[in-house]
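What follows is a short report on a single structure.
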Amino acid sequence: MPAKEPVIILNYKTYTESMGEQGRKLTWMAMEVMKETGVRIVACPQLPEMYHHKNLDIEIFAQHVDPIEPGGHTGHILPEALKCAGATGTLINHSEDRMPADQIRKCVELCRKHGLTSVVCAESVEKVKEVAAFKPDYIAIEPPELIGSGIPVSKANPDIVRNSVNAVTDPEIKVLCGAGISTGDDVKAALALGTHGVLLASGVVKAKDPKKALYDLVSLIAPKTVTG
Ligand SMILES: O=C(CO)COP(=O)(O)O
């Protein structure tokens with residue numbers, strides 16, 4: 001199994017490049033890069049496709065979960081169903097799928113109850129502080145204006161990353177950063193700011209050669225020699 005830290009969480013979003021057969025190939029690539037380099041990579045495919053990524057030697061997180069108990073909630077996503085589909089964790093409150101604070105709290109509680117790793121996204125240091133009170137496993141600071149921009153948050157706005165890390169005093173909660181991350185240099189800069197890893201999408205999903213992009217991403221933090 002993968003090394004413990006740091007973690008690279010790859011959000012497939014709803015890009016066609018990470019859907020269907022291409023999506024499965026991307027997960028295999030991530031698995032190979034992880035095995036070869038020893039860097040922990042987590043894949044977040046689209047929910048309807050989750051089963052196609054089940055039982056592979058890589059962790060699968062969902063992109064969203066709803067704060068619901070089993071029953072009549074048509075169209076919602078039940079934490080238990082994520083587990084059935086092979087997920088071991090989930091993103092919560094992504095910038096493209098926001099939820100009110102009380103719902104975030106309930107999602108984190110349900111994740112804890114069902115043994116799912118919770119990754120709560122936050123757009124500001126204030127939001128980081130607010131959601132830290134819910135004690136998720138991870139908080140990912142992602143300034144919306146840099147998402148999909150190709151401009152890495154770890155270099156464009158190191159202060160928001162550093163301040164987010166400092167705002168979380170609970171040693172059990174790990175801070176990640178995301179938005180515009182695409183190179184090994186960006187990842188190294190993120191770790192140097194005190195994060196435990198990154199959350200990214202387009203830098204790999206939309207790359208001409210996603211496997212090469214993955215190798216580059218982990219190249220400066222890999223415990224094993226990168227040959228890809
Ligand atoms: O929203 C993000 C990851 O969840 C960041 O997206 P990009 O890596 O495409 O900027």
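Computed extension length for K188-K25: 56.1 nm, one decimal, from 0.36 nm per residue of separation with the Cα-Cα distance subtracted.
Full extension of the chain between Y15 and R112 yields a length gain of 32.0 nm, computed as 0.36 nm times the residue separation minus the alpha carbon distance.
Between region 4-21 and region 51-124, what is the separation of their alpha carbon centroids in Å? For region 4-21 versus region 51-124, the Cα centre distance is 15 Å. Rolling a 1.4 Å probe over the protein heavy atoms of the chain, with every protein chain left in place, gives an accessible area that is 52 percent carbon and sulfur. For the chain, the fraction of C-alpha pairs farther apart than 32 angstrom is 11 percent.
Trypsin sites (Lys or Arg not before Pro) within region 10-87: which are DSSP loop residues with at most 14 other Cβ atoms inside 10 Å? Listed in order of number, the matching sites are K54.
Simple spin-label estimate for D57 and C84 gives 2.9 nm between the two label positions (7 Å along the Cα-to-Cβ direction from each Cα). I'd like the FRET efficiency for Q103 and A207, computed as 1/(1 + (r/R0)^6) with the beta carbon distance as r and R0 of 35 Å, rounded to 0.05. My answer for the efficiency is 0.55. Candidate cross-link partners of K13 among the lysines, defined by an alpha-carbon separation under 16 Å and a same-chain spacing of 8 or more, comprise K25, K206.
For G197, the residues whose modelled amide H falls within less than 5 Å of its own, excluding neighbours fewer than 5 places apart on the same chain, are V7, C177.
Here is how the number arises for the chain: DSSP H runs of 4 or more residues each give -39500 (n - 2.57), the sum is divided by the residue count, and the result at 222 nm is -10000 deg cm²/dmol.
The values are calculated or read from the model by the stated rules, or taken from the named source; none is laboratory data. Predicted model only: the values in this text are computed from it and were never measured. Glycine gets a Cβ as well: all are built from the backbone with ideal geometry, and neighbour counts include every protein chain shown. Accessible surface is based on the protein model in full, side chains and every heavy atom, while ligands, DNA and RNA are left aside. Shrake-Rupley method; radii C 1.70, N 1.55, O 1.52, S 1.80 Å.
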